[in-house]
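What follows is a single structure, written as C-alpha cells, with notes after it.
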Amino acid sequence: MSGRLTIRIPGGPDLGPQAETLRQVTFSFDGQPVVGLEGEPVAMSLWALGYRALGWNEESGRQRGLYCAIGHCFECRMTIDGQRDQRACCYPVREGLAVSRQSKPVDLEMQDGMDQV
Amino acid sequence: MSQTDVLVVGAGPAGLTAAQELGRRGIRVTVIDEYPTAGGRLLGQLYQAGDHWWVGRQVAEQLLSDISGHPAVRLRLGTSVSGLERRDKGWVVEDTSGGEPAMARAVLLATGAAEIPIAIPGWTLPGVMTVGAAQVMANVHRVRPGQRGVIVGLGALSFAVAQELRWAGVDLAGIVMPPPPRNGMPGWTVEEEWRKMAHLAHLAPTWMRPLSSLLRRAGWRRRLLAGAPQAGVAVAGTRLRPNVAALAIEGDAAVSAVVLQRLNGHGNLVGEPWREAVDFVCTSGGLRPIPDLAAAAGAAMHYSWDGRYDVPLFGPCGDTTVPGLYVAGNILGIEGAAVAMAQGQLASVGILRHLLGKPDGFGPEADQFALQLAEARRHAPLVFDPAWAAIHEKVMADFQRETREG
Ligand SMILES: Cc1cc2nc3c(=O)[nH]c(=O)nc-3n(C[C@H](O)[C@H](O)[C@H](O)COP(=O)(O)OP(=O)(O)OC[C@H]3O[C@@H](n4cnc5c(N)ncnc54)[C@H](O)[C@@H]3O)c2cc1C
Ligand code: FES
C-alpha cells in the first residue's frame with residue numbers, strides 16, 4: 001500500500017519520480033524519526049511510508065485518514081510544529097518538523113463524560 | 001496593514017491568469033493560496049487533447065514564469081483567506097497567517113471547486129478518498145494511493161483519473177456505481193448515474209462511440225447497461241462496470257475489501273453480494289463550486305436545493321453585485337482549466353475598469369477575451385455536467401436584472 005511512483009505514459013510525457021528531484025529530510029512522527037521529501041505535504045511522506053491513519057475521530061474514536069488531499073475536508077488534521085488541527089495534506093515537510101496524531105484512544109479514555117458518548 | 005491594488009484568492013488557472021494580466025499593466029496584485037504550491041487543480045491534470053498532451057503542471061509553470069516577469073505581482077502560499085469585509089475605499093481581507101489583515105481596492109475570488117462525498121458504510125476508513133485525491137497523490141506527489149483500488153461513481157473525473165492511475169502503474173478493480181438509495185430516500189438514482197454515460201461517451205474507446213446515441217434513449221440504455229458483463233467493459237485503462245454497485249467498504253485499520261452486488265435494468269440490487277480485495281477506494285460524487293467567500297461578502301447568490309449549483313450572480317467580466325468584488329474560474333461552475341483561464345482574463349478587464357473608474361473601458365480586450373472563452377468551451381476535452389450552460393444563462397440574466405434595479 002505504500003511506496004513512490006514513476007509515471008511513464010505510453011507515447012506521452014514522462015513525469016518521472018518526484019524522489020529524484022527533492023531532498024530527503026528527517027522529521028518526527030509520534031516521536032519516531034521518519035524520512036520524507038522536503039516540501040511535500042506531511043500526509044504524503046507518511047502515506048509513502050505506509051502510515052495511513054493520521055488520527056482518531058474525537059467522537060467515534062475511529063481512525064481517520066486523508067480524504068480530499070487539497071485542504072477542503074480537514075480529515076487529515078494533526079498536531080504539527082506544536083499547533084493542533086493543522087492540515088497534513090497541505091503542510092510541507094522540513095528537517096526536524098514534529099508531527100503527531102491527535103485524539104489517540106488512550107487520550108480519549110481519560111476525558112470526562114466519554115463513557116456517555 | 002499591508003496595502004495592495006488587487007487581492008486574488010486562489011492561485012489556480014483563473015487567479016494566476018488574472019494576476020498575470022493585471023501585473024503586465026503594473027497593477028499591484030497579491031495572490032493568496034492555502035496550498036504550498038501555486039497552480040490549483042492544474043497541478044494534477046494530465047490527458048491527451050487531440051494530438052497534444054495537456055500537462056497541467058507545465059501550464060502552471062508557464063503562468064508562474066510569466067508572472068515572475070511582473071514585479072508588481074506577489075504570491076503568498078500556505079495561507080487561507082478566512083474573511084472579507086468591505087470598507088469605503090476597498091476591502092479588508094483576513095487570513096490564517098496570524099499577521100495583520102491586508103487592504104485591497106478590489107478582490108478577485110478564484111477559489112475553484114470541491115468534490116462531493118459519497119457516503120457508503122465504511123467511507124471514513126483510512127484508504128477511502130475522493131478521486132481527485134488519488135489524482136493529487138499520483139500525479140502531483142508521485143505517491144502510490146495503494147496497490148489495487150476501485151472507483152465508485154461515474155463522472156468525467158472517474159475516467160480521467162482511472163487513466164492516470166493506469167499510467168502510474170496502479171491496478172484498479174474498475175469503475176462501479178454507488179448503491180441505489182434505500183426505500184424512500186430522495187435524490188440519487190442509478191438511472192441518473194447511467195444518464196451521465198451518454199455525455200461521457202466521447203471518452204470511450206472508438207468502437208463504443210456509436211453506442212452513445214443509443215445510450216441517450218432510456219430503453220436501450222437500460223438494456224445495454226444491465227446486460228454488460230459483470231467484469232465490465234474496457235474504458236480509460238480500466239473496466240467500467242455499470243451494473244455493479246458498491247454496498248460497503250470493509251477493513252479494520254484501513255481498507256481491505258469492497259462489497260459489491262449486481263444491479264438489474266431498473267437499478268435494483270439482485271443476487272448475492274460478493275467481496276473484492278482492494279486497499280483503496282476512490283469516490284467520484286461530482287464537483288461543486290466553492291462560493292462561500294462571495295456569499296460572506298454579500299454578493300447576491302443563486303442557490304440550489306442540494307448546494308451543488310450554488311454560485312454568485314455574475315456579469316460578463318466577472319463582476320458580482322458588490323462593487324470591487326470579482327469572480328473567475330470554477331467558483332462560477334464546473335468547467336475545464338482553459339475556460340477558467342479565459343474567465344480570469346475577463347475578470348482582469350472588470351477589475352481594470354473598476355480601478356481606473358472607466359466602466360466602459362477596454363472594450364476590445366473584453367471582446368477578445370469573450371471570444372477566447374467561447375473557443376475554450378467549444379474545444380473543452382471534458383464536459384463535467386451539461387446542466388451548467390442553462391444555469392449560467394439564468395445567473396447572468398439575474399445579474400443584469402439585479403444591477404439594473406440596484
Ligand atoms: C479534485 C479536482 C480535480 C480536477 N481535475 C480536473 C481534470 O483532471 N481536468 C480538468 O479539466 N479539470 C479538472 N478539475 C476542474 C478544475 O476545477 C478546473 O480545471 C480548474 O482548475 C479550475 O480553476 P480555478 O482557478 O477556478 O480553481 P482551482 O484550480 O481549483 O484553484 C483554486 C485555488 O484556490 C485555493 N483556495 C480556495 N479557497 C481558498 C481560501 N479560502 N484561501 C486561500 N486559498 C484558497 C485552492 O487552494 C486552489 O489552489 C478538477 C477539479 C477538482 C476539484
Ligand atoms: S485531506 Fe482533506 S483537508 Fe487534508
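Couple of notes before you dig in:
- Net charge over other residues, Cβ less than 13 angstrom from the Cβ of residue B:229 (K, R count +1; D, E count -1): +3
- Across peptide A:58-65, the average count of Cβ atoms from other chains found within 10 Å of a residue's Cβ is 3.
- For region B:273-350 versus region B:366-406, the inter-centroid distance based on Cα atoms is 12 Å.
- With Cα atoms defining each centre, region B:38-75 and region B:216-251 are spaced 35 Å apart in the structure.
- Mean sequence separation of contacting Cα pairs (under 8 Å, at least six apart), scaled by the length of region B:276-362, corresponds to a relative contact order of 22 percent.
- Restricting region A:24-112 to GluC sites (Glu not before Pro) in coil, as DSSP defines it, with at most 12 other Cβ within 10 Å: A:59, A:95
- Using the Cβ-Cβ distance between residue A:94 and residue B:61 with R0 set to 30 Å, the FRET efficiency from 1/(1 + (r/R0)^6) comes to roughly 0.85.
- Among A:32, A:86, A:102, the residue with the largest mean-square fluctuation in a Gaussian network model of chain A, with springs joining Cα atoms closer than 10 Å, is A:32.
- Fewest-first ordering of B:141, B:266, B:70 by other beta carbons within 10 Å of each residue's beta carbon gives B:266, B:70, B:141.
- Counting only DSSP beta bridges whose two residues both lie in the protein assembly as shown, roughly 60 percent are antiparallel.
- Among B:390, B:11, B:106: highest mean-square fluctuation, GNM of chain B, C-alpha pairs under 10 Å: B:390
- Gain on full stretching of the segment that runs from residue B:401 to residue B:25 - 0.36 nm per residue minus C-alpha separation: 132.2 nm
- Across peptide B:126-137, the average count of Cβ atoms from other chains found within 10 Å of a residue's Cβ is 6.
- Contact order normalised by residue count of chain B, Cα under 8 Å, 6+ apart, percent: 18 percent
- Rounded FRET efficiency, nearest 0.05, which uses the C-beta distance separating residue B:365 from residue A:57 and R0 of 56 Å: 0.65
- Segment residue B:52-residue B:377, length gained on full extension (0.36 nm per residue, minus Cα span): 115.3 nm
- Chain B: DSSP helices with Cα axial extent of at least 15 Å and average Kyte-Doolittle hydropathy no lower than 0.5: B:156-167, B:337-356
- Cα point-scatterer Debye curve for chain A, base-10 log of I(q)/I(0) at q = 0.19 Å⁻¹: -1.00
- Neighbouring partner chain Cβ atoms per residue of A:9-15, average, 10 Å criterion: 5
- Centroid-to-centroid separation of region B:87-114 and region B:8-24 [C-alpha atoms, Å]: 14 Å
- Within a Gaussian network of chain B (alpha carbon springs, distance under 10 Å), most fluctuating of B:56, B:324, B:219: B:219
- Whole-number percent relative contact order across region B:117-283, with pairs defined as alpha carbons under 8 Å at least 6 apart: 30 percent
- Only Lys, Arg, Asp and Glu carry charge here, each on its Cβ (+1 for the first two, -1 for the last two); on that basis region B:117-283 has a dipole of about 660 debye about its Cα centre.
Bear in mind these aren't lab numbers, they're just calculated from the coordinates by the rules spelled out. No experiment lies behind these values; they were computed from the predicted model shown. Note that each Cβ is placed from the backbone with ideal geometry, even for glycine, and that neighbours are counted across all protein chains shown.
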